[in-house]
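The values are calculated or read from the model by the stated rules, or taken from the named source; none is laboratory data. Because the structure is a prediction, the values reported are computed rather than measured. Here the Cβ positions follow ideal geometry from the backbone for every residue, glycine too, while neighbour counts run over all protein chains shown.
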Amino acid sequence: QKEVEQDPGPLSVPEGAIVSLNCTYSNSAFQYFMWYRQYSRKGPELLMYTYSSGNKEDGRFTAQVDKSSKYISLFIRDSQPSDSATYLCAMKTGGGADGLTFGKGTHLIIQP
Amino acid sequence: DSGVTQTPKHLITATGQRVTLRCSPRSGDLSVYWYQQSLDQGLQFLIQYYNGEERAKGNILERFSAQQFPDLHSELNLSSLELGDSALYFCASSARGVGNEQYFGPGTRLTVT
């Protein structure tokens, strides 16, 4: 079992729809959770960063973390064609230095 | 633009060769991280440096090494290259050693033939 599982998609939705992207994880030591957006052949761009459980909203993006279920979500409201990209969840244990553990990413397509 | 720069953008080399990838972190960031992205493995953490010292190691092969210089730029050295080393190599930086918010550069695409 991989530490972080993410449906690769593709997920195709019409413009203006609400998009829900999810990851599950197995390591209960993860405390920091991020979402990155990656356009084809570009570097990942940090979208959202949350600590422990709860919700965080930034513009059209909402990140949710449920540590009891080991499940995190990213919601995108009023989706635009420019949101078409691969979305990667990433996680990190607390405290010390370490790299991020990534899901493999979900390929999202917003149809105009 | 994240503020992290990487050179070169593309690199094509032969098996058995050695290459050096370069990264400059965002202004003021002390930590540099190296990641490898391949189709089958996804994004994998290789190694972290903080203010010139190695801080954490991930899935880095013994043929790979890195260092961070006094001006905080970092280099990733890949030697005895194999076909399977073909991948995108990303550098990320963060302000502190803990590195909860990491900002990625544009990457170097390495092709080993």
Practice item. Within the range B:79-113, track down each residue that is within 15 Å of A:M34 (Cβ to Cβ) and within 9 Å of another protein chain (Cβ to nearest Cβ). Key: B:F90, B:A92, B:V98, B:G99, B:N100, B:E101, B:Q102, B:Y103, B:F104
Exercise for review: Might you check whether a residue that is modelled with pLDDT under 95, assigned to a strand (DSSP E or B), on the phi > 0 side of the Ramachandran plot and surrounded by 15 or more Cβ atoms within 10 Å (Cβ to Cβ) occurs anywhere in the range B:77-97?
Suggested key: no
Point to revise | Selection count where residues are assigned to a strand (DSSP E or B), of a type outside the set (S, T, Y), over 16 Å from B:F104 (Cβ atoms) and within 13 Å of another protein chain (Cβ to nearest Cβ), scope the range B:1-51 | key: 1
Practice item. Take the range A:68-102 and flag every residue that is within 14 Å of chain B (Cβ to nearest Cβ), hydroxyl-bearing (S, T, Y) and over 26 Å from B:L39 (Cβ atoms). Key: A:T93
Check your understanding: Residues of the range A:1-41 being surrounded by 15 or more Cβ atoms within 10 Å (Cβ to Cβ) and not in a strand (DSSP E or B), which ones?
Key -> A:Q6, A:D7
